[in-house]
């Protein structure tokens, strides 16, 4: 998000930015300001891009007055200028993956952002589809502390479903929408090297990311293709591991020096009161995250997500956002407006 002067407020009401005043509250409201214009480099109005952009916006053109469309484009300009040419890593999963309507919304958002010059990297899991195939084969899914217990048979299904089915389905959808997607997994080009999880005795072939080599990605994103990456990787011996997609996205964002990491989730973001969506924290810094964790505000499944964001920020990613994937066009709301679609975490 674009930020200008910060006004300290006691509650997490608005999208914020980190204050240089160490005595200020860790949450601040920030009005929007224009980003700097970037000129030169690749032309984004080639015939392919023009056709892609037309395919994204054309369905709604007839229902929206021309003056309204012009106003919307003009208001988005500062955000397009800010993020043009920057790398944005998006982790995709949850409700946005299960609903066809939300899936179409996410794909449309990705193609539009790519068309206006953002370098998109798309990382996905596929838990629900893995469960469906395990059920078809008479295998019962088993979880420990929210992580899938992955024996040799389950690992084989995970690889087939994520790499062979979900990944190629997403690539086909993005290509159909007018962009150019390339399907990969962590094994391709040694993109991700895995190591066993500390709890491997209980979890089986569930791994952590030992290292990232983004060499295979750079020519793709430099040419504004969209890498679509399945969260499966192998150790140096070639043994495949199931990698948490949030973790994979965070490590890739750090290795690529991404401007922004975005995690699509099934919740509005970080809530002060988990039962009240109106208590959404629009922006918080790392110090605030630690305090909220100590106070029990951040708990359960949100802890690994914020830890993933903190780790990516510590390695140079500028901002990390946890946004509501159930909200239509949440990616555009997060990137092209000052309101956002969830919680943004800053360093």
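When segment 94-143 is filtered for residues that are touching a helix residue (DSSP H, G or I) at 6+ places or on another chain (Cβ under 9 Å), within 22 Å of residue 163 (Cβ to Cβ) and not in a helix (DSSP H, G or I), the ones remaining, listed by number, are 94, 120, 121, 122, 123, 124, 125, 126, 137, 139, 141, 142. Take the conditions (1) within 17 Å of the chain's Cα centre (by Cα); (2) crowded, with 20+ Cβ neighbours inside 10 Å; residue 329 misses just one of them, which is (2). Scanning segment 188-206 for residues that are outside any helix (DSSP H, G or I) and either closer than 17 Å to residue 130 by Cα or over 20 Å from the mean Cα position of the chain (by Cα) (or both) yields 193, 194, 195, 196, 197, 198, 199, 204, 205, 206.
So which of 171, 161, 182, 209 ends up being in contact with a strand residue (DSSP E or B) (Cβ under 8 Å, 6 or more places away or on another chain) and either in a helix (DSSP H, G or I) or exposed (fewer than 15 other Cβ atoms within 10 Å of the Cβ) (or both)?
171
Yes or no: residue 227 over 23 Å from residue 131 (Cβ atoms) and at pLDDT below 95? Criteria not met by residue 227.
Of all residues in segment 223-233, those that are within 23 Å of residue 113 (Cα to Cα) and either under 12 Å from the mean Cα position of the chain (by Cα) or touching a residue at least 60 places away in the same chain (Cβ under 8 Å) (or both) total 7. Between 54, 103, 67, the distinction of being over 26 Å from residue 287 (Cβ atoms), within 17 Å of the chain's Cα centre (by Cα) and modelled with pLDDT of 50 or more belongs to 103 only.
Tell me, yes or no, whether segment 144-157 has at least one residue that is in contact (Cβ under 8 Å) with a residue 24 or more places away in the chain, surrounded by fewer than 14 Cβ atoms within 10 Å (Cβ to Cβ) and in a helix (DSSP H, G or I). For segment 144-157, residues in contact (Cβ under 8 Å) with a residue 24 or more places away in the chain, surrounded by fewer than 14 Cβ atoms within 10 Å (Cβ to Cβ) and in a helix (DSSP H, G or I): present. Could we say that residue 118 is in contact (Cβ under 8 Å) with a residue 40 or more places away in the chain and either closer than 19 Å to residue 234 by Cβ or touching a strand residue (DSSP E or B) at 6+ places or on another chain (Cβ under 7 Å) (or both) here? Yes: the conditions hold for residue 118. For the criterion of being in contact (Cβ under 8 Å) with a residue 24 or more places away in the chain, within 14 Å of the chain's Cα centre (by Cα) and either within 22 Å of residue 88 (Cα to Cα) or surrounded by 15 or more Cβ atoms within 10 Å (Cβ to Cβ) (or both), residue 317 passes. For segment 258-283: of the residues being more than 16 Å from residue 341 (Cα to Cα) and in contact with a strand residue (DSSP E or B) (Cβ under 7 Å, 6 or more places away or on another chain), which is surrounded by the fewest Cβ atoms within 10 Å (Cβ to Cβ)? So, considering only residues that are more than 16 Å from residue 341 (Cα to Cα) and in contact with a strand residue (DSSP E or B) (Cβ under 7 Å, 6 or more places away or on another chain), the one surrounded by the fewest Cβ atoms within 10 Å (Cβ to Cβ) is 259. If you go through segment 234-244 one residue at a time, do you hit one that is in contact (Cβ under 8 Å) with a residue 60 or more places away in the chain, part of a strand (DSSP E or B) and crowded, with 24+ Cβ neighbours inside 10 Å? Among the residues of segment 234-244, at least one is in contact (Cβ under 8 Å) with a residue 60 or more places away in the chain, part of a strand (DSSP E or B) and crowded, with 24+ Cβ neighbours inside 10 Å, which makes the answer yes.
The values are calculated or read from the model by the stated rules, or taken from the named source; none is laboratory data. From a predicted model like this one, the values you see are computed outputs, not experimental measurements. Neighbour counts are summed over all protein chains in view; Cβ atoms, including those assigned to glycine, are modelled from backbone coordinates with ideal geometry.
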